[in-house]
Amino acid sequence: MKKFQNRPTRSSVNKRIIFSLVCLVLGFILAYSYSLSSSKKLSGQASSSKYFEQEEQYREDLIHQKERNKELTTELEARQQQVREIEKSLSGSEEQYENLIQEAEDLRLLLGLLPATGKGVKIQLEDAEYNPSSVNPNDYIVHESHVFQVLNELKISGSEAITINGQRLHANSYIKCNGPVITIDGEQFPAPFIIEAIGDPSVLVPSLQLAGGVLDQLVNDNIVVTIEEKSKIEMPAL
């Protein structure tokens, strides 16, 4: 007995092909949609991360500006306090100006820029008499160190102006010993050396005569010293 099998018709074959194509296209569309969705999601996450970083940067900048503003405010308050103190000090400016003027005059006197007149002292330094028993002649002559001792004591005691043999001293004066003479600002002077100082004699003289002071040291070095109070000493400006 023969068996017969139904062969697929052309129409059914076509339907299967079309169905397969539809499934393929649909699968492609679904895959593309998923890929596009994932891409958008990643892009959104990246954009969100970038926005977050920028927001953090703005926040840090704001904090920095606030701290800087605080520093400037503190500095401004300090400056304002200084201004208030200056304004307060200027309330008694007239008296201060007078004191400054007097101080300026005193400085000009010390610098030798103004002629000076007033009471003071006169100190004379002379070489000792020649001593044949002395091997070194420097043991009985006046040196610049002896002159410096007198000058330093006079300055400490408040002298306003000083001359040596009529040569007015100033802030940059220099003294150098050259044998029996001393050089003062380039000018040579032989002994005796006459030092005149304007100031209060009641202060200058006792300061020189203190026990163990300048006078005693000079006498121990065989220097002949004479101290005289003067009611008026006049000194020219430089």
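The values are calculated or read from the model by the stated rules, or taken from the named source; none is laboratory data. Bear in mind the structure is a predicted one, so any value in this text is a computation, not a measurement. Using ideal geometry, Cβ is built from the backbone for each residue, glycine included, and neighbour counts are taken over all protein chains shown. Just so you know, the surface numbers come from the protein's heavy atoms only, side chains and all, with ligands and any DNA or RNA stripped out. Shrake-Rupley method; radii C 1.70, N 1.55, O 1.52, S 1.80 Å.
Overview of results
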quantity	calculated
Residue within region 116-130 that is exposed (fewer than 12 other Cβ atoms within 10 Å of the Cβ), modelled with pLDDT under 90 and either assigned to a helix (DSSP H, G or I) or in the same structural domain as Phe189 (by TED's automatic domain parsing) (or both) present	yes
Residue selected from region 209-223 under the condition in contact (Cβ under 8 Å) with a residue 40 or more places away in the chain and more than 14 Å from Val147 (Cβ to Cβ), by the criterion least open to solvent (accessible area, probe 1.4 Å)	Gly213
Count of residues meeting criterion [open to solvent by less than 60 Å² (accessible area, probe 1.4 Å) and touching a strand residue (DSSP E or B) at 6+ places or on another chain (Cβ under 6 Å)] in region 169-181	3
Tabulated pairs, region 106-128, first without any contact (Cβ under 8 Å) to a residue 24 or more places away in the chain, second open to solvent by 40 Å² or more (accessible area, probe 1.4 Å), C-beta under 6 angstrom, 6+ apart or interchain	Arg108/Leu114
